[in-house]
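These notes are about the structure you will find just below.
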Protein chains: 2
Amino acid sequence: MNRQWLLDHHPEGPATADCWRLAEAPVPEPRPGQILVRLRWLSMDPYMRGRIAKGPNYAAGVRPGEVMQGGGVGEVVASNHPDWRAGDLVEAMGMGWQDYALLSPDAPGSARANRVPEGVPEQATLSWLGMPGLTAWIGLTEIARPMPGETVVISAASGAVGQVAGQIAAAMGARPVAIAGSDEKLAHCRDLGFVAGVNHRSPTLAKELRAACPEGVHVFFDNTGGVIHDTVLAQLATHARVIVCGRIAVVDRPADQDIGLRASSRLIVTRARVQGLIVFDWWHRREEAMAHLARLWREGRLNYREDVVEGLENAPEAFLRMMAGQNFGKQLVRL
Amino acid sequence: MNRQWLLDHHPEGPATADCWRLAEAPVPEPRPGQILVRLRWLSMDPYMRGRIAKGPNYAAGVRPGEVMQGGGVGEVVASNHPDWRAGDLVEAMGMGWQDYALLSPDAPGSARANRVPEGVPEQATLSWLGMPGLTAWIGLTEIARPMPGETVVISAASGAVGQVAGQIAAAMGARPVAIAGSDEKLAHCRDLGFVAGVNHRSPTLAKELRAACPEGVHVFFDNTGGVIHDTVLAQLATHARVIVCGRIAVVDRPADQDIGLRASSRLIVTRARVQGLIVFDWWHRREEAMAHLARLWREGRLNYREDVVEGLENAPEAFLRMMAGQNFGKQLVRL
């Protein structure tokens, strides 16, 4: 028989064990193009909390009565696919919480099967050589791109993504600083090459973070969201880059506990980019931009409304009406 | 005499007229390399609120007793600089709220003087052909880069930056949607080429925005922050780009009115970039990333800790302990 964890119901508040129920089903037979896998490893990842939520997410969720989704590693026990044979080791996102999984190696998406490379621990394809490793790699080398000597703060630093991110940051010449929830975890991070660590349960988190990041935080690889996110954001250095990757600190809170709007959920779901803009950083582009703007204006494609207040004596009034939204168009004072 | 608005004191809550006081001083003489300008236009810009705040900002603020900072346009009335003569029109950031300003055309920074180009209204160098125009231009062409047909939502759309941003977005083939505070302002935006408009004072703001942006918001050029920011963020389309440019809706609130942490202030000050990350967008880079990771592991530069729970029957427990932060390293279940 095939033991399977089915979703019993969506959690209303924090996920609890009774959200799933264990069931049994016959072990299936692989149809043409399919392989039957006996699971050896299941990967537990925070994204799964989104999959059992009621609301929409970036990927389809699990409905009550369905097998819980999850990646894993297993051994092929029966193959109806020319490239796979019994004994092969396979890693896939679409294993599910069960003893046996049917995979379609040629299918797109999560039913796809990946061969476990030789010479590495087989379960590494679920962690540093798999999805969490890729997350850390892309986050640092494509999105954040830390420069040598820059400080890279990583939350959930001893976690699946954090451990790899810290070592990639170090390999890039940056200073990885760990945030984790116990001194033991922080000691492990030190062993991995993090230059400093802060316990997020410390009542003086902000102060300790400041001591670990005397020039501010150049890169923040955020796997937690919540109070940690707020604390680090308040210490960003100029031109910092923030990777909003996870929100485990807030994702499992009771729905009725309003913690105010924090953007991390929408930013992950939409992969939106948010970037501060101060025009003086771009002052060297002034001539170029002005030439374009002047052309648009000459072509009649740029119109503009001004709100003119007369007299220097009315300067404060002009400023205050603009602040109150009472102006209509560009606020000017004519002297 | 030279009338000057001095900062009297930093505002504690919203700025009020008594934050400044009008004083008089002798009209100064230009020293070598300087020019004396009689102001004709003062520019009122939201950034000035930051300059009179007590706290640090991205530029040095005004201290009590100092002339209020601000850009303007004026006419040279006396020159002690070889390139400038009486009658020349000059635009500068460092004019100040006063009748006469001394400028050093060769100096870096705000004391620098720019010639007013011919053939355009002289005050345009304070708006669409000056700093607000450059802000709009860079925000759209460098940061947001809307594609033809994409929806670009602009808050404070009839304001100094918003008007230009809407027309640049239209010139790029995008659909500019205005958010403004009156129907009159929205009608003006329509005249400028905005395809739709939403009054941010409407009690059904979110619903009206959804109607104007049926495919979601691809680009959000945010000049206001606050509730408008929250409302638009909740309607971002996948891979949206958000320009955090201004926060006039919240910058002048009383200090004691806690509206919760919103990132826009830190993002502007630091020009930080925030970007959502979902690793599956980068799955095509999997082989490349894995090769790098495997090399680091072979070189002994990548270490990794796992937290292994035994038995499929303990899968929910493994998931829940990870959610509670009780795991130490990558959470796995071994079957």
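All of the numbers you see were taken from the coordinates with simple rules; none came from a lab. If you're wondering where the values come from, they're calculated on a predicted model, not measured in any experiment. Please note: Cβ atoms are built from the backbone with ideal geometry, for glycine as well, and neighbour counts cover all protein chains shown.
Label the stretch A:66-163 by shape, choosing from rounded, prolate and oblate, from the square roots a ≥ b ≥ c of the eigenvalues of the Cα gyration tensor; if a/c is under 1.5 it is rounded, and otherwise prolate applies when a/b is larger than b/c, oblate when it is not. Kindly include the intermediate steps, with their values, before the conclusion.
Values: a/c = 2.59, a/b = 2.26, b/c = 1.15.
It is prolate, given that a/c is not under 1.5 and a/b is the larger ratio.
Once phi is turned into θ = phi - 60°, what whole-Hz ³J(HN,Hα) does the Karplus curve with 6.51, -1.76 and 1.60 give for every residue of the stretch B:218-231, x standing for Gly and Pro?
Computed from phi, the couplings for the stretch B:218-231 are 7, 10, 10, 9, 9, 9, 10, x, x, 4, 4, 4, 4, 5 Hz.
Using packing as a proxy for protection, rank A:285-293, A:155-163, A:228-236 so that the peptide with the highest average count of other Cβ atoms within 10 Å comes first.
Details: A:285-293: 16.9, A:155-163: 30.2, A:228-236: 22.0.
Output ranking for A:285-293, A:155-163, A:228-236: A:155-163, A:228-236, A:285-293.
Quick check on chain A: take the gyration tensor over C-alpha atoms, sort the square-rooted eigenvalues as a ≥ b ≥ c, and tell me if it's rounded (a/c under 1.5), prolate or oblate.
Values: a/c = 2.19, a/b = 1.90, b/c = 1.15.
Here chain A falls in the prolate category.
Give me the dipole magnitude in Debye, nearest 20, for chain A about the Cα centre, with unit charges on the beta carbon: positive for Lys and Arg, negative for Asp and Glu. Write down the numbers at each step before the final one.
Numbers: 35 positive and 36 negative charges, 131 e Å.
I would put it at about 620 debye.
For residue B:242, which sequence-distant residues (separation of 5 or more, or a different chain) have an amide H within less than 5 Å of its own amide H, given hydrogens modelled in the peptide plane?
Here A:273, A:274, A:275, B:220 satisfy the definition.
How large is ³J(HN,Hα), in whole Hz, for each residue of the stretch B:7-13 in order, when computed from phi with the Karplus curve 6.51 cos²θ - 1.76 cosθ + 1.60 and θ = phi - 60°, using x for Gly and Pro?
Karplus values, whole Hz, x for Gly and Pro: 6, 7, 7, 5, x, 8, x.
Can you find, among A:278, A:309, A:198, the residue farthest towards the positive end of the dipole of chain A? Put +1 on the C-beta of Lys and Arg, -1 on that of Asp and Glu.
A:309
Under a Cβ-only charge scheme (Lys and Arg +1, Asp and Glu -1), can you give me the dipole magnitude of the stretch A:124-261 about the Cα centre, in debye to the nearest 20?
Working: 10 positive and 12 negative charges, 44 e Å.
The dipole of the stretch A:124-261 has a size of about 220 debye.
Mind checking A:312-318 for the average number of partner chain beta-carbons within 10 Å of each residue's beta-carbon?
Details: counts 9, 3, 1, 11, 12, 2, 4.
Counting other chains' Cβ atoms within 10 Å and averaging over A:312-318 gives 6.
Grab the other residues whose beta carbon is less than 12 angstrom from that of residue A:288, score K and R as +1, D and E as -1, and report the net.
On the way: positive: A:285, A:286, A:295; negative: A:287, B:142.
It works out to a net charge of +1.
So who's got an amide H within less than 5 Å of the one on residue A:197, skipping anything under 5 residues away but keeping other chains? H placed 1.01 Å off N, in plane.
It is A:178, by chain and number.
Fewest Cβ neighbours within 10 Å first, please rank A:76, B:73, A:120 accordingly. Numbers along the way, then the final one.
Working: A:76 21, B:73 27, A:120 16.
Ranking A:76, B:73, A:120 by Cβ neighbours within 10 Å, fewest first, gives A:120, A:76, B:73.
Strictly over 23 Å apart at the Cα level, which of A:185/A:207; A:330/B:54; B:54/B:185; A:330/B:185 would you flag in this model? Don't skip to the answer; put the middle values down first.
Numbers: A:185/A:207 20 Å; A:330/B:54 26 Å; B:54/B:185 33 Å; A:330/B:185 12 Å.
Long pairs (Cα-Cα over 23 Å): A:330/B:54; B:54/B:185.
Taking the dipole about the Cα centre of the stretch A:2-123, with the C-beta of Lys and Arg at +1 and of Asp and Glu at -1, give me whichever of A:79, A:90, A:104 is farthest to the positive side.
A:104
By how many nm would the segment from residue A:51 to residue A:23 lengthen if fully extended, with 0.36 nm per residue of separation less the alpha-carbon distance?
On the way: separation 28, 0.36 × 28 = 10.08 nm, distance 1.95 nm.
Gain on stretching residue A:51 to residue A:23: 8.1 nm.
So for B:202, A:127, fewest C-beta neighbours within 10 Å to most, what's the order? Each step should come with its number before you reach the end.
Numbers: B:202 13, A:127 26.
In increasing order of surrounding Cβ atoms, one gets B:202, A:127.
Once the label point is set 7 Å along the Cα-to-beta-carbon vector, what list of distances in nm do you get between residue B:118 and its counterparts in the other copies?
7.9
Across 5 Å bins from the origin, how do the percents of Cα pairs in the stretch B:143-208 run, short distances first?
Answer for the stretch B:143-208: a P(r) of 4, 22, 31, 23, 14, 6, 0 percent.
Provide an ascending nm list, one decimal, of label-point separations from residue B:87 to the equivalent residue in each further copy; define each label point as 7 Å from Cα along Cα→Cβ.
Those label-point separations list as 9.8 nm.
List the residues, sorted by chain then number, that are 5 or more residues from residue A:70 or on another chain and whose placed amide H is less than 5 Å from its amide H.
Answer set, sorted by chain and number: A:95, A:96, A:97.
Under the rule of -39500 (n - 2.57) per DSSP H run of 4 or more residues, summed and divided by the residues of chain A, what mean residue ellipticity at 222 nm is obtained, to the nearest 500 deg cm²/dmol?
Only helices count here, giving -7000 deg cm²/dmol.
If you place +1 on the Cβ of every Lys and Arg, -1 on the Cβ of every Asp and Glu, and leave all else neutral, what size is the dipole of the protein assembly as shown about its Cα centre, to the nearest 20 Debye?
Values: 70 positive and 72 negative charges, 90 e Å.
That gives the protein assembly as shown a dipole magnitude of about 440 debye.
What list of ³J(HN,Hα) values in whole Hz, one per residue of the stretch A:156-166 in order, does the Karplus curve 6.51 cos²θ - 1.76 cosθ + 1.60 (θ = phi - 60°) give from phi, with Gly and Pro shown as x?
Running phi through 6.51 cos²θ - 1.76 cosθ + 1.60 with θ = phi - 60° gives 6, 5, 8, x, 4, 7, x, 4, 5, 4, x Hz.
Contact order normalised by length for chain A, with contacts defined as Cα pairs under 8 Å and 6 or more residues apart; what percent is it?
Numbers: 623 pairs, mean separation 36.7, N = 335.
Relative CO of chain A lands at 11 percent.
Which net charge results for the neighbourhood of residue A:73, defined as the other residues with beta-carbon distances under 9 angstrom from its beta-carbon, given Lys and Arg at +1 and Asp and Glu at -1? Don't skip to the end; give the middle numbers.
Numbers: positive: A:40; negative: A:75, A:91, A:122.
Result for the neighbourhood of residue A:73: -2.
Please average, across the residues of A:151-161, the number of beta carbons from any other chain that are within 10 Å of each residue's own beta carbon, and give a whole number.
What the average comes to for A:151-161 is 3.
Restricting to the protein assembly as shown, compute how many DSSP beta bridges are antiparallel as a %, nearest 5. Write out the running numbers ahead of the final one.
Details: 59 of 111 bridges.
Taking every DSSP beta bridge with both residues in the protein assembly as shown, the antiparallel ones total about 55 percent.
How far apart are the residue B:303 label points across copies, placing each 7 Å from Cα toward Cβ, in nm, shortest first?
Result for residue B:303, in nm, nearest copy first: 6.8.
Given axes a ≥ b ≥ c from the Cα gyration tensor, I'd like to know whether the protein assembly as shown is rounded (a/c under 1.5), prolate (a/b larger than b/c) or oblate.
Numbers: a/c = 2.49, a/b = 2.16, b/c = 1.15.
The shape class here is prolate.
Order of B:12, B:299, A:150 from fewest to most other C-beta atoms within 10 Å? Intermediate results must be reported in sequence, preceding the final value.
Numbers: B:12 12, B:299 9, A:150 22.
By the 10 Å Cβ count, ascending: B:299, B:12, A:150.
Quantify how strongly other chains surround peptide A:162-173 by giving the mean number of their Cβ atoms within 10 Å of each of its Cβ atoms.
On the way: counts 2, 7, 7, 0, 1, 7, 6, 0, 2, 5, 0, 0.
What the average comes to for A:162-173 is 3.
Of B:199, B:114, B:314, which has the largest mean-square fluctuation in a 10 Å C-alpha GNM of chain B?
B:314
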